[in-house]
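The values are calculated or read from the model by the stated rules, or taken from the named source; none is laboratory data. Values in this document were obtained by computation on a predicted structure and should not be read as measured data. Here Cβ is always computed from backbone atoms with ideal geometry, including for glycine, and neighbour counts include all displayed protein chains.
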Amino acid sequence: MIPMDKLENQIDSANPADTEILPLTDHDPRPPLNDTPALVEWLFRRYYVSRWDNEFLERLGMVLRRDRDGNLLPEGKLFRSERKGVTVTAASQDGKTALVVQVLKRLFNDSFTDTRCGEKIAYCRLRTDATLTSVYKDLCRSTGYFNFPAKLTRTEANDLAMHCLRKKGITIIVIDEIHNLFKNTEPVNLFLRTLVQDGTGFCVILIGTPKVHDFIYENSDNIELAERYFDMALERFPRDETIGLISGALKGLATDAGIKLAMSIRADPYFADRIYDGCRGSYGRCMFLIANSVVRALEEGGDTVDIEDFRRFFGLKYRHFNPENPFNISDWASRASAIMLAPPTAATDIYNQDPTEKPKRKRGRPRKTAEASS
C-alpha cells in the first residue's frame, strides 16, 4: 500500500504544464526497448495524473477507514449499520474508468482485474444486456466460483454472490457501466442500497454515464440512494489546463517509448490544440489518441512519432466522432476554434528536445536498442 501522503504529493506535484505519467504500481518497470510487444502493453498501462485524482481521493477519504498514520485502508467506514459509496460519472470515453481503477491500484496495490477480484477489491463491468442476476453471477465468477445451478432466482443469486465475496474478504466493489442495468424490469434502487447496508455491507464505487447521476441525484424517488453515495460528476478541465496536460503527456509518453517527437510536432505551437479540438475537449480521448499514435510509430519501427501517426489513427478511430481530421490541415492556427498564441521564434522547440533534426529511420524495420534512448 502506498502511504497517503506519498500518493497525494505525487498528485499535487503534477501540474498541467508538466504532466506526470505514473505506473499502475511502484513495481512496474519499463521493459527493454527492443521488446516492442511488452513495451506497448506497458505504455498502455501508463497513467496521466490530473486534479480529478485529488477529487476522487477526497471522496474516498469520506467513505474509507484510515490507519493510525492517516493512510486510507481498503475498508469502508461503518455509519451506524451501513457503509457509503461513490458515484463517478462522465460522458463515454472521458476517462472515468481509468481514473477509478488506477487510483485504487496505486492506493492499495490490489491485484484485481476485469475478470478476477483482488485481495480486497472486486471489479465488475456490466454488459449491455445486464440483469441483476447476471451481475451477481459475474461477481461470483470474479471470486473463482462458476458452479451455478440450472435455475437460479434473483434472491438466490444475491445470497450466493454475497457469500462468495465475503468468503474472499472483499470489502470494496467497483461496478462499471452501471447505467446498463437501468431497465424497468430491474429494481436497481433496492440493489444499490442493499450493497452498502446490513452492517456487513461493502463500500461501492459506481462508474457510469450522466444517466447514472440523473437517476440517483435528480430523481426525488431515489433520495435515500443519493444519501448513501457521494457524487463525483467529472467536469471537463478548462481549455488551457487541458492543453497543458496534453503537451506534458505527449512529451512524457514519447520519452517513455524511447522515441522522439518529429519536427512536424515540435515546431507546431498549436499541435496540442489540434489534439484538443479533434477530440472536442474530451480528456480521455486526448490521452487515448496520444498513446495510440506513439504506439503506431513504435510498432512500425520508427524512431520518431510525427503528425502522420496522429492523422492516420484519428482517421481510423474518430471519424464518427469528428469528421474533420485536425491533422489534415496545414495551418491550424487559422481555425476559429484554435487558441491564438504568440508564435514562437524559429529556434523555439516547445518540447525542449534536441533541435537537430536527424534523418528518420525507415518504418517497417525492427527496432534497435542502440538507436533509442534508455
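On inspection, T113 passes the criterion of being without any contact (Cβ under 8 Å) to a residue 24 or more places away in the chain and loosely packed, with under 15 Cβ neighbours inside 10 Å. Given the criteria crowded, with 19+ Cβ neighbours inside 10 Å and not aromatic (F, W, Y), does K77 qualify? No, not satisfied.
Taken as a whole, segment 271-278 holds no residue that is buried (at least 18 other Cβ atoms within 10 Å of the Cβ), outside the structural domain of S293 (by TED's automatic domain parsing), closer than 29 Å to E58 by Cβ and in contact with a helix residue (DSSP H, G or I) (Cβ under 6 Å, 6 or more places away or on another chain). Scan segment 167-179 and tell me whether some residue there is over 19 Å from E119 (Cα atoms) and not charged (D, E, K, R). Yes: one or more hits. Please work out which residue is farthest from the chain's Cα centre (by Cα), limiting yourself to segment 279-290 and to residues that are in contact (Cβ under 8 Å) with a residue 60 or more places away in the chain and either outside the structural domain of E324 (by TED's automatic domain parsing) or crowded, with 21+ Cβ neighbours inside 10 Å (or both). Once the filter is applied, the top-ranked residue is S282. Of all residues in segment 79-98, those that are part of a strand (DSSP E or B) and closer than 17 Å to E58 by Cα total 5.
One residue stands out among those in segment 279-329 that are assigned to a helix (DSSP H, G or I) and hydroxyl-bearing (S, T, Y): the one that is farthest from T36 (Cα to Cα), which is Y283.
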